[in-house]
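The structure appears right after this line, and notes come after that.
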Amino acid sequence: MKMTRRQLLKYSAAVAAASAIGLDIALPKELMGAEADVEKWVKGVCRYCGAGCGVYAGVKGGKVVAVKGDKDNWNKGFLCLKGNFLPAIMTSPDRAKYPLLRKGNDFVKISWKEAMDLMVDKFAAAYTADPQSVAFYGSGQAYTEESYFMNKVFKGGLGTNNIDGNPRLCMASAAVGYVSTFGKDEPMGAYDDMYHADCFFIVGSNMAEAHPVIFRIVNEQKKRGAKIIMVDPRKTLSAKIADLHMSFTPGTDLAILNAMAHVIVKENLYSKEYVEKYTVFKTMTDPGPPPKIEKTDWNGYVKFLEDYSPEAAEKISGCPKEDIIKAAHLFVKSKATMSFWCMGLNQRTRGVWVNNMMHNLHLLTGQINRPGATSFSLTGQPNACGGVRDGGLLSHLLPYGRLIANEKDREDMEKFWGVPAGRIQPKPGPTAVEMFRDFGTGKIKAMWIACTNPGQSLPNVDAYRKGMESNNTFLVVSEAYHPTKTSELADLVLPAALWVEKDGTYGQSERRYQYVEKAINPPAEARPDLDVMIEFANKLFKKLDLEHEAKKLFAYKNSEDVWNEIRLCSKGTAYDFMGMTRARMKKAHGIQWPCPTEDHPGTLRRYTAKHGDPLVKKFDPKAEDVSFYGAKGDGNRATIWLRPHKGPAEPPDAEYPFALTTGRQIEHWHTGTMTLKVPELKRSAPTAYVEINPRDAAKLGVKSKDKVKITSRRGSIVLEAKVMDVPRDGLVFVPMHYPDKMINSLTNDAFDALSKQPEYKICAVKLEKA
Amino acid sequence: MPVTSVVVEVIEGVNEDLLGRIARIPRVNVFGMKGQQIVTVIEGDNVRDVEDVVRTILEIEGVIGVYPVYSGDYE
């Protein structure tokens, strides 16, 4: 019997899912060898989170009509709900199609020539009056080539460090945490470690909703006996699989982590050999700025931990001491323990400290540098790692582990880029919150924002929106959609190509760089950001009588040209991925750096020669196996930091007695600019709500669906209540995704002194029935 | 007319009752199971139907996740 088209598709879909879990299913013989009904499948990466799932986009008639997971990539063919609906984000009626110029309250369509001429004139005028009055705000969703290029334009070309990116808001504390502990940024482990771990210590991460495909693998390990410890003041969907769920007063997890270390030391469960061979001890004796750091020793650390008994930590945090002791025992006694964490730790005024403390536990116990044993920070955006952290777009960084503040690093990059000595400014530029403050005061006169939505995502957002809509400054926004809460404030909107409408590289959480192939053309006059950036840079430099420099600096024909320069820039550094040619990347399902030569397969685990890191012997020839070769100043040793407990910047008090925390839902991603365009996802989760536990709700006289007014010191909002036994007493949760209910009108823009990352996760609010 | 395959992950072992509840949801075809994972294909007249079914499956007690693998719409 002949297969109908629908039957063919149904069985193709079933085969894809079955092969993902290693299941053989019986197929009608008519299906054998049949292909799915698309013209071509184009390999790429999911547009959403930092998990970086491999996907294929199915193209027919110039459109993306299908998507399937890449079964040869780490995600083994699996996607999450959002990834499943990727095709729908491409054809939303809100796609930005033409350059738009603000005229009063309206936007009028203009040509690209007019847009580019205006932009060049405005930036040239601002730069000529004051070279430090122009700025660029980039994104962990932009391709690496785009971020690298703009970094070169601003730092190397224009000689200003007024360039930062939205990973300042989500990953800066993790980055500074890794650098201050290990000497260099980024996790040393890999997703592969999940298959070897016997214990998962998951802190401040609702993986089931924020990184579902990674969560699926963790849950699989539970089935083979792995223990799951979940540390979160909410009983989230993720906590359903926990063997031990540790709830605590928000902001007091530092006390818990120190108390676990106290137990490990007091009961002699630490790895004396590992600590003696591979670590040093440091403490901050003065916060500065700049902070004053002093070395200490094991005895100093033991003395420091005396204040953090489980009993003391229970008094501070509300987490039962028995749970703290149990967690410490599980952590150290399991054969291999893997930690995961995300914004619950990063988006805090003590974000760097608490990141250090996660690494401390692994270093103290030797639960590190081997399969299944590693400290792994999860990333929110698809290219925060590759494009911004690694590529050095943040205002204090230069590419591939180099620092603005380091004279030799500046000299290296000046030579590499071929710019005059002294061109790169020695003082780091303003960070995200500071940059938007400067834009509001007019200190920065012209700003270009690409691929991100700070008009919704900044903390205490209304304060910065006022600055962004000022008539005294010039704001350009490159966006795939209009309006967004940022593009609506722009003077000039540039329509941008989205996802597989352009090609480029993404680098996800486990140091895997992946090439995203172009599959279709962008709509109408939308263009790839890199094309626009190259045109802008050349025209701006011509306007500034620097055409001779532009010819040297910006002569790229395509993204591959930029990628080849990027590879060269990494050569000889602790990132070295010279071996990742575009040709290899097109064939591979991602490659993990370091990958110094074209015949190197990539590096599963860093800092251990036994597990294949080719740079151990290069940077530390005397090392037998483990070497933290990025920490040369500490003899290639990692640092165990003495970090005291310190609570949030704005804890609840008598006037504002609740703690507000914000976060994600499974249906949506970030500020919803893409997922809220998908009718099915929007229908499933249409608007924000406030999650209140039943005890607090009873005291307030609130039931589910009642309207509740939530007020912080910065603003207020009215939301529908969802009464659920999820947040602990005194805590409420609001999802962050909704432009019509911007919870960032209430959040606090206080930031970590070391990383400058804001404290989205905790601020004080009061609630009343509306 | 969209067709989506999903792997349904359950927290405990797959029992007849749970499997039956999933199989009886309109528009769901169960193709097999392995351990605590069930391969299903959801067909709909439009993508809204697929989303409704996914939501229904997620609300079944014992279901911990629904993971799409392949999604096509061939209007």
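Laboratory data are not the source of any read-out in this text; all were calculated from the coordinates shown. The structure displayed is predicted, hence computed values, not measured ones. With ideal geometry, Cβ positions are generated from the backbone for all residues, glycine too; neighbour counts draw on all protein chains shown.
Summary table
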quantity: Beta bridge orientation in chain A: antiparallel %, DSSP, nearest 5; calculated: 50
quantity: Sparse-neighbour loop sites [trypsin sites (Lys or Arg not before Pro); region A:156-257; at most 14 other C-beta within 10 Å; DSSP]; calculated: A:Arg224
quantity: Projected area averaged over orientations for region A:59-119, convex hull of C-alpha atoms, nm²; calculated: 7.3
quantity: Qualifying GluC sites (Glu not before Pro) in region A:446-528, DSSP loop, other Cβ atoms within 10 Å at most 11; calculated: none
quantity: Global form of region A:266-320, assessed from the alpha-carbon gyration tensor, a/c cut-off 1.5; calculated: oblate
quantity: Segment A:Lys542-A:Glu720, length gained on full extension (0.36 nm per residue, minus Cα span); calculated: 58.6 nm
quantity: Chain lengthening between A:Glu311 and A:Leu269 when straightened (0.36 nm per residue, less Cα-Cα); calculated: 13.2 nm
quantity: Separation between Cα centres of region A:106-168 and region A:376-405, rounded to whole Å; calculated: 18
quantity: Long-range HN-HN contacts of A:Ala66 with modeled amide H, under 5 Å; calculated: A:Gly58
quantity: Ranked A:Arg582, A:Arg389, A:Arg95, A:Arg465, criterion: other C-beta atoms within 10 Å, fewest first; calculated: A:Arg582, A:Arg95, A:Arg465, A:Arg389
quantity: Residue order, fewest to most surrounding Cβ atoms within 10 angstrom, among A:Glu411, B:Glu9; calculated: A:Glu411, B:Glu9
quantity: Inter-site label distance for A:Arg224 and B:Arg24 at 7 Å from Cα along Cβ, in nm; calculated: 3.6
quantity: Antiparallel content of DSSP bridges confined to region A:460-566, in %, to 5; calculated: 45
quantity: Residues A:Ala125 and A:Ala654, FRET efficiency given R0 of 45 Å [Cβ-Cβ distance, rounded to 0.05]; calculated: 0.30
quantity: GluC sites (Glu not before Pro) within region A:611-672, DSSP loop, no more than 15 other Cβ atoms inside 10 Å; calculated: A:Glu624, A:Glu655
quantity: Inter-part distance where region A:443-487 and chain B are each reduced to a Cα centre, Å; calculated: 41
quantity: Over region A:5-90, relative contact order from alpha-carbon pairs under 8 Å, at least 6 apart, %; calculated: 22
quantity: Computed over region A:658-769: relative contact order in percent, which uses C-alpha pairs under 8 Å that are six or more apart; calculated: 38
quantity: Convex hull of chain A built on C-alpha atoms - directionally averaged projected area, nm²; calculated: 32.5
quantity: Inter-label distance, nm, simple model (7 Å from Cα along the C-beta direction), A:Lys618/A:Ile293; calculated: 2.4
quantity: Computed helical MRE - 222 nm, chain A, DSSP H runs ≥ 4 contributing -39500 (n - 2.57), nearest 500; calculated: -9000 deg cm²/dmol
quantity: Relative exposure of A:Met578, A:Met188, judged by other C-beta atoms within 10 Å (fewest first); calculated: A:Met578, A:Met188
quantity: Cα gyration tensor shape of region A:5-90, rounded if a/c is under 1.5, else prolate or oblate by comparing a/b with b/c; calculated: oblate
quantity: 16 Å cut-off, amide nitrogen to a point 7 angstrom out along A:Glu114 Cα→Cβ, residues in region A:471-500; calculated: A:491-495
quantity: For region A:658-769: rounded, prolate or oblate by the Cα gyration tensor [a/c cutoff 1.5]; calculated: oblate
